[in-house]
Amino acid sequence: MTRLLRLLRSELEGSRAGDTLDFDLLGSVMEYTLHYPDLFHHPKEDMVYRRMVARDPTAAARVGDLLQEHAHLAELSRQFAAALHNRANDVEMPRRWFEKLMETYITTNEHHIAEEERVFLPLAMVTLSDADWVELDDRVAGASDPLFGGKLAGEYRRLHDRIVRLAV
């Protein structure tokens, strides 16, 4: 997700400099986001969170309301995807409003990821047992990541190539 956010930020900076947004690429980012992280990754984290809080009730106070954050991120994803779709189809909207929404989408996700890496994941690693991780992995076993997993889905080839170029 961090790589996708870098790609979005690059597009946003280009737009602010007067470049044309790559709507096909941005549409691929949002389609991926709506169909993988929002449907598989965050629900798995939600299961980890629930198990962690069951094992250590003080974890909720340290982590915060991860379930609510995921719901907010999913809603923000849907809002940004709809605005992107409208903008790509020449629906009139203020450019600054769209750029502000894009910035909000990016920064909200960046903050969320940073907090998960700083607090949630380290706490989950010490709270959950190996058996917990196996059980939780088994629950979402069919959810292969079509962009960053072992098998790249064809519709994400262009997006994957762009991410690789951006990383160099």
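The values are calculated or read from the model by the stated rules, or taken from the named source; none is laboratory data. No experiment lies behind these values; they were computed from the predicted model shown. Backbone-built Cβ (ideal geometry, glycine too); neighbour counts: all protein chains shown. The protein model used for the area step is the full one, side chains on, heavy atoms only, and it has no ligands, DNA or RNA in it. Shrake-Rupley method; radii C 1.70, N 1.55, O 1.52, S 1.80 Å.
To the nearest 0.05, what FRET efficiency results for W97 and R9 with a Förster distance of 25 Å applied to their C-beta separation? Walk me through the numbers before you get to the answer.
Numbers: r = 18 Å, r/R0 = 0.72.
Efficiency for this residue pair is about 0.90.
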One finds the C-alpha centres of region 17-39 and region 65-110 to be spaced, in Å, by 11 Å
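Run the accessible area of region 1-139 with a 1.4 Å probe and give the carbon-and-sulfur part as a rounded percent. List each step's numbers first, then the result.
Details: 3930 of 7570 Å².
Here carbon and sulfur together make up 52 percent of the probe-accessible area.
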With no solvent and one point per C-alpha, what does the Debye sum give as log10 I(q)/I(0) for region 37-76 at q = 0.33 Å⁻¹? -1.09
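When the convex hull of the Cα atoms of region 46-97 is projected onto a plane and the area is averaged over all directions, what value comes out in nm²? Could the numbers behind the result be given before it?
Values: hull surface 19.0 nm².
The number I arrive at for region 46-97 is 4.8 nm².
Relative to the present Cα-Cα distance, how much length would full extension add between I113 and Q79 at 0.36 nm per residue of separation?
Details: separation 34, 0.36 × 34 = 12.24 nm, distance 1.93 nm.
The span from I113 to Q79 would gain 10.3 nm if fully extended.
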If you average over every viewing direction, what projected area does the convex hull of the Cα atoms of region 41-145 give, in nm²? 7.8 nm²
Here, D138 and M47, labelled 7 Å along Cα→Cβ, have an inter-label distance in nm of 1.0 nm
